[in-house]
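These notes concern the structure reproduced below.
The values are calculated or read from the model by the stated rules, or taken from the named source; none is laboratory data. Just so we're clear, the structure is a prediction, and the values are computed from it rather than from any experiment. Virtual Cβ from ideal backbone geometry, glycine too; neighbours counted across all protein chains shown.
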Amino acid sequence: MPAAAPSAAPRTRPRDRKRRIEEAAALAFAQHGYHAVGMQDIAAAVGISAPALYRHFPNKYALFVRTAFTLAHRLVEGTDEAAALPLDSADEAREALDALLDAVIATTVELRATGGIYRWEGRYLEPDDRELLTSEFRTLRRRFEHAHVVYRPSADEIDRRLLVLGALSAVASITAHHTTVGARTLRTLLSDAAWRALDGTLPVPESVDAAPPPAPAVGVSAALGRRAQLIDAAIRQFAARGYNEATIEDIAVAVDLTPSGVYRHFDGKSALLLAACDRAAVSLERAVLRAREDAASPSELMHGLVRAYVAHTFGNLELTRVYFSEIANLAPDEQRRLRALQRAHVADWVAVLQAVRPELGGREAAVLVHAGLGVVADQAPSLGVRDAAAAERLACLVEIVLGVRGMPHPS
């Protein structure tokens, strides 16, 4: 009698499946945005079926929340040991700040591919979840501030917060670009930029009365027509709710039109988004050209570029947010064109920074440029007042991060 065939071994679920799901989801959300990613996409990335994925997470939002909190908690958890160091003297406080910074840099470098979730996708969190996430970052910020008080007890408290946030923004900036440098070089660049911020001194508001006012918004008046009004309304809707949540109906109501009236001017939301992004690209280019016209040396041009960018951001917060966060919703050809313009804008800064700091290589300069731009992107929306004094103080912080504050152009 023939022997019975051995029965197939029962399939076992990998012990790390949930972790693999979270990692795949975090990468997908960071690269493509919350709305562009489906549960099936995440399941396919992990190599499981959609039903298997739903055994771990009931819906996409639950998975999104999990990934966001996991990443934030890694930053807090990574600084637990450094936060417990003694702070009985300025020297000990400096050692604690150095340990905190090393931990944040290590975690951010490790999570670089997925850390971009926070910059743009966090707006899709429900209010209670957003507040919980904010509290995690508040804990991180306060750990730095607590040590900084002992390290620099005479620093103004408003300045202290801006300097600490500037240091953290400089490190976080690497999640928004793909410039590659050696691991040791990257850590040194980020550490040096962050320490420049922590050691920096900002001008007092009274000393900048002569500073130019922030640039006016590039939105246009109703007198220039319905098309311009519709672009303005679309920018407001996209910035507040995200491209995917905003509707043609919302935009139409904002300008007292019916949806059919919108379609007489634009083919749809994507056409409105493209018009908004083109407006942003043109206005940024004009700001650069004005700075070039007024500069007699690379150091003057660097000075002008920083202030032009801060002024442009202050005057166009919503447009800037849409320009950098919603391009992925455009057609591939338009995405490539606009991203090429963004890269060209960064390249302009890199060339000027290298002229002022010739010891920097191109990629090193690019990392610092992104750090400076990241400081503006993170801090401008959170400032309670955005007047000429605030613009000058933020511009000075950017110069500190870039390492050009008070640096004359070499002869």
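Conditions first: (1) farther than 22 Å from Arg290 by Cβ; (2) surrounded by 20 or more Cβ atoms within 10 Å (Cβ to Cβ). Leu330 passes all but one, so which condition is the exception?
(2)
Output the number of the condition that Leu71 fails; it satisfies all remaining conditions of (1) out of contact with any helix residue (DSSP H, G or I) (no Cβ under 6 Å at 6 or more places or on another chain); (2) modelled with pLDDT of 85 or more; (3) crowded, with 19+ Cβ neighbours inside 10 Å.
Leu71 satisfies every listed condition except (2).
Kindly indicate whether Glu110 is under 22 Å from Ala183 (Cα atoms) and acidic (Asp, Glu).
Yes; evaluated as a whole, the condition is true for this residue.
Give me the pairs, please: first residue somewhere in the stretch 141-164 and farther than 20 Å from Glu81 by Cβ, second residue anywhere and at pLDDT 95 or above and small (Gly, Ala, Ser), beta-carbon distance under 6 Å, and either six or more positions apart or on two chains.
Filtered contacts from the stretch 141-164: Leu163/Ala197; Leu163/Gly200.
May I ask you to verify whether Gly33 is out of contact with any Leu (no Cβ under 7 Å at 6 or more places or on another chain) and at pLDDT 90 or above? Spell out the reasoning first.
Values: out of contact with any Leu (no Cβ under 7 Å at 6 or more places or on another chain): yes; at pLDDT 90 or above: no.
No, not satisfied.
Within the stretch 268-285, does at least one residue satisfy the condition of being basic (Lys, Arg) and not in a helix (DSSP H, G or I)?
Of the stretch 268-285, the ones basic (Lys, Arg) are 269, 279.
Restricting the remaining residues to those that are not in a helix (DSSP H, G or I) gives none.
No, the conditions are met nowhere in the stretch 268-285.
Going by the conditions given, is Arg307 crowded, with 20+ Cβ neighbours inside 10 Å and either more than 17 Å from the chain's Cα centre (by Cα) or modelled with pLDDT of 95 or more (or both)?
Yes.
Could you check His312 against (1) outside the structural domain of Leu373 (by TED's automatic domain parsing); (2) touching a residue at least 40 places away in the same chain (Cβ under 8 Å) and say which number it fails?
Among (1) outside the structural domain of Leu373 (by TED's automatic domain parsing); (2) touching a residue at least 40 places away in the same chain (Cβ under 8 Å), His312 violates only (1).
Check Ala50, Ala36, Ala44 and return the single one that is more than 30 Å from Arg143 (Cα to Cα), of a type in the set (A, V, I, L, M, F, W, C), touching a residue at least 60 places away in the same chain (Cβ under 8 Å) and out of contact with any Lys or Arg (no Cβ under 6 Å at 6 or more places or on another chain).
When all the criteria are applied, what remains is Ala36.
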